[in-house]
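I have placed the structure first, in the form of C-alpha cells, so that the comments after it can refer back to it.
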Amino acid sequence: MVDLLECRKELDGIDRQIVELFEKRMEICGHVAESKLASGKAVYDGERERQKLEAVEAMAHGDFNRTAVTELFSQMMTISRRYQYKLLEEGGKSEDLGFRRVEGLPAKGARIVYQGVEGAYSHGAALQYFGEEADVYHVEHFGDAMEEVQAGRADFAVLPIENSSAGAVVDLYDILTRYSNSIVAETFLPVNHALLGTAEAEEEQIKTVYSHPQALMQSSEYLNSHRDWKQISMENTAVAARKVLEDGDPTQAAVASEIAGRLYGLKVLKPSIQNNKGNTTRFVILAREQVYRRDAGKISICFELPHRSGTLYNILGHFIFNHVNMVMIESRPIPGRNWEYRFFVDIEGNLEDAAVKNALKGIGAEALNLRILGNY
C-alpha cells in the first residue's frame, strides 16, 4: 500500500521546487518588462503565447496532462503579463485614459433632459439630483436623450439603468455603446407607487386601474386584493395619471408616483402600495465631456472578447490580481454576431488609482476593445 505521509512529503519537496522556479520565472519576466519599457513593445503578444502553449502541450504525456499543462501555463503567462503591466506603470509608461478630472459638475444653470413624460420616475430622479428648480425637459426615447446631450442641446441626461427588483434596464446598455457620452454621476430613487384618483374619488369607488405593466406587477399584492378592479396597462405611469385627470372619472385610478399626483392634481387614495417597500431604481447622469470628479469611486466599462474558452476568466483576473473590487457584470448580445457578447462591468475605484489603471491597461491590451463609460 502507498504510504500517504511519504507521498505528501514528496509533494512538499516538489512544490518547493515549483515555487523556486516560479519566482525565477517572474524575475526574468521583470527583465522582459524592462526591455519592453525601453523598446516600447507591447506586453501582450498573442502569437508568441499561442506558440508557447503548443510547445508545452507537446511536452506533456496523455490527454489529461496535456490539457492541464496548457491551462497551467496559460495562467502563468496571464500572471506574467499582469506583473509586466505593473512594472511598466511604475516605470512611468502610463496611457492617457481620455478623461479629465474636475472638482465638481457644472450643474448651476444646466439643462437636463430625461426620458418619459412629466411625473415619470425619471422626472423625479432629475429633480432629486439637480433640485426642484432645475431646468428639465423630456423626450420620448433613451436614444433621444443621448442625442440631446451629444448635440449640446442638453448638458446632462438622466436615465434609468437598474432596478433592485427587476434588474438591469437592458435597452440602455445597448444605447450606451452608440454614443460617446460618459456617465458622470448616479442617483438612487425609491420606487414608491401610490394609488391616485380624482379629487372627489374614494378608494371604495374604484373600478379600473391604469399603469405601466411593471408598476401593476410591482403592486400586485394590493391590486389583486381588489378582485373586482380591472387592471389596464399603459405605456408609462405618468401617462396613466394624466389619463385619470383628463377623463375625470372618479371610478378610475392610476398607479404612479406621488410626484405625478402633485403634477396632475390627483388625490392619493392609498400611498406606498408596492409589494417591495425597498424597491429602488438607479439612474445614471450622462454628459458629453469625459470628466470625473476627484471623489469619484465607481467606474463603468464595457468590452468585447475573442470567442474562445477562458477569455472572460482571464480578463476578470486583472481585477483580482490588482485587488480591484467588481460590483456588477452584465452581458448583452452583439448585433450581427450570433452567440457573441459585450460585457458591462462596474468596479470600485478612481481613474487616478494605480491599481485601477493597471487593471484597465491589461484589459485594454487583451480584449477586442475596451471603453470606459464613466468614473463617478
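The values are calculated or read from the model by the stated rules, or taken from the named source; none is laboratory data. Remember, predicted model here, so these are calculated numbers, not experimental data. Every residue, glycine as well, gets a Cβ built from its backbone with ideal geometry; the counts of neighbours run over all protein chains shown.
Quick notes on this structure:
- Out of Y179, Y129, one residue alone is assigned by TED's automatic domain parsing to the domain that holds R288 and either part of a strand (DSSP E or B) or in contact with a Ser or Thr (Cβ under 6 Å, 6 or more places away or on another chain) (or both). It is Y129.
- Identity of the residue in region 242-280, hydroxyl-bearing (S, T, Y) and touching a Ser or Thr at 6+ places or on another chain (Cβ under 7 Å), that ends up nearest to I232 (Cα to Cα): T251
- Matching option when the condition is at pLDDT 90 or above and surrounded by 13 or more Cβ atoms within 10 Å (Cβ to Cβ), among L88, L37, L53: L53
- Going through (1) modelled with pLDDT of 95 or more; (2) closer than 27 Å to L305 by Cα; (3) not in a helix (DSSP H, G or I) one by one, A42 falls short only on (1).
- Filter result for L72 (of a type in the set (A, V, I, L, M, F, W, C) and not in a helix (DSSP H, G or I)): no
- Matching residues in region 243-279 - criterion: being over 18 Å from V191 (Cα atoms) and among the β-branched types (V, I, T): V244, T251
- Being in contact with a Phe, Trp or Tyr (Cβ under 6 Å, 6 or more places away or on another chain), closer than 23 Å to G364 by Cα and among the aromatic types (F, W, Y) is a condition met by at least one residue of region 86-104.
- Selection status of A355, outside the structural domain of V113 (by TED's automatic domain parsing) and farther than 25 Å from S122 by Cα: yes
- Residues within region 314-341 that are out of contact with any Ser or Thr (no Cβ under 9 Å at 6 or more places or on another chain), of a type in the set (F, W, Y) and surrounded by fewer than 19 Cβ atoms within 10 Å (Cβ to Cβ), tallied: 1
- When residues in region 183-221 are screened for being touching a Lys or Arg at 6+ places or on another chain (Cβ under 7 Å), buried (at least 17 other Cβ atoms within 10 Å of the Cβ) and assigned to a helix (DSSP H, G or I), 0 of them pass.
- Scanning region 56-69 for residues that are in contact with a helix residue (DSSP H, G or I) (Cβ under 6 Å, 6 or more places away or on another chain) and either in a helix (DSSP H, G or I) or loosely packed, with under 10 Cβ neighbours inside 10 Å (or both) yields V56, E57, R66, V69.
- Test: T311 is under 30 Å from I334 (Cα atoms) and out of contact with any strand residue (DSSP E or B) (no Cβ under 9 Å at 6 or more places or on another chain): yes
- Criterion violated by A151 - all others in (1) over 23 Å from P335 (Cβ atoms); (2) touching a Phe, Trp or Tyr at 6+ places or on another chain (Cβ under 9 Å) satisfied: (2)
- In region 334-371, the residue that is farthest from R282 (Cα to Cα) out of those that are assigned to a strand (DSSP E or B) and of a type outside the set (D, E, K, R) is N369.
- Residues located in region 274-333, provided they are in a strand (DSSP E or B), small (G, A, S) and without any contact (Cβ under 8 Å) to a residue 60 or more places away in the chain: S331
- Residues of region 361-376 that turn out to be touching a helix residue (DSSP H, G or I) at 6+ places or on another chain (Cβ under 8 Å) and farther than 16 Å from T311 by Cβ, as a count: 3
- Where a residue in region 200-211 is assigned by TED's automatic domain parsing to the domain that holds M234 and its partner, wherever it lies, is of a type in the set (D, E, K, R) and in a helix (DSSP H, G or I), with Cβ under 6 Å and at least six apart: Y210/K243
- Across region 91-108, the qualifying residues are those that are more than 26 Å from the chain's Cα centre (by Cα) and without any contact (Cβ under 8 Å) to a residue 24 or more places away in the chain, and the one among them that is surrounded by the most Cβ atoms within 10 Å (Cβ to Cβ) is K108.
- Any chance F130 is in contact (Cβ under 8 Å) with a residue 12 or more places away in the chain and within 23 Å of H318 (Cα to Cα): no
- Any hit, region 254-273, residues being at pLDDT 95 or above, loosely packed, with under 15 Cβ neighbours inside 10 Å and in contact with a strand residue (DSSP E or B) (Cβ under 6 Å, 6 or more places away or on another chain): yes
- Residue satisfying condition, being touching a strand residue (DSSP E or B) at 6+ places or on another chain (Cβ under 6 Å), modelled with pLDDT of 95 or more and not in a strand (DSSP E or B), within set V136, V113, V149: V149
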